[in-house]
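Worksheet: one structure, shown below.
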Amino acid sequence: PPIIQEEIVNDLLCCLDIHKSIGPEGIHLRVLRELVEEFAKPLFIIYQQSWSTGEVPDDWRLANVTSIYKKGWREDPGNYRPVSLTLVPGKIMEQFVLSALTWHVQDNQ
């Protein structure tokens with residue numbers, strides 16, 4: 001079956017955790033989830049094009065990186081971990097890539 005299907009794009013948008021942080025695009029996940037009918041088809045077309053050409057939009061590679069304190073002495077940089085906030089469309093595309101890789105590995109064992 002084709003890796004990228006419009007129904008799966010729709011399902012992934014519907015499953016967005018609205019309590020996650022807003023990414024670099026500045027769109028709250030609640031908006032994407034509530035407007036899934038308007039976003040699913042255009043994203044599906046973009047994903048198909050990206051998959052067929054092997055090219056990923058440059059914006060999908062951008063991330064806002066911030067340091068989150070773990071524990072210990074706050075002045076020690078080793079006591080922080082980096083967290084990357086990436087674009088939601090890129091995260092969804094990553095799900096398709098992961099699915100394809102998982103299928104390929106399982107099929108070739």
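The values are calculated or read from the model by the stated rules, or taken from the named source; none is laboratory data. Since we're looking at a predicted model, the values are computed, not measured. Neighbour counts run over all protein chains shown; Cβ positions are idealised from the backbone, glycine included.
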Return the residues of segment 1-15 that are touching a residue at least 12 places away in the same chain (Cβ under 8 Å), under 15 Å from the mean Cα position of the chain (by Cα) and under 15 Å from E38 (Cα atoms); say none if nothing qualifies. I8, V9, N10, L12, L13, C14
With the condition kept exactly as written, say whether any residue in segment 64-75 is closer than 21 Å to H28 by Cα and under 17 Å from the mean Cα position of the chain (by Cα). yes
Looking at this structure, is V105 more than 15 Å from the chain's Cα centre (by Cα) and not small (G, A, S)? yes
Of all residues making up segment 70-91, the number that are among the hydrophobic types (A, V, I, L, M, F, W, C), closer than 26 Å to D58 by Cα and at pLDDT 90 or above: 1
Can you tell me which residue is nearest to L12 (Cα to Cα) among those in segment 84-105 that are exposed (fewer than 13 other Cβ atoms within 10 Å of the Cβ) and hydroxyl-bearing (S, T, Y)? T102
Are any residues in segment 22-65 closer than 21 Å to P82 by Cα, loosely packed, with under 12 Cβ neighbours inside 10 Å and either of a type in the set (A, V, I, L, M) or at pLDDT 90 or above (or both), and if so, which ones? V65
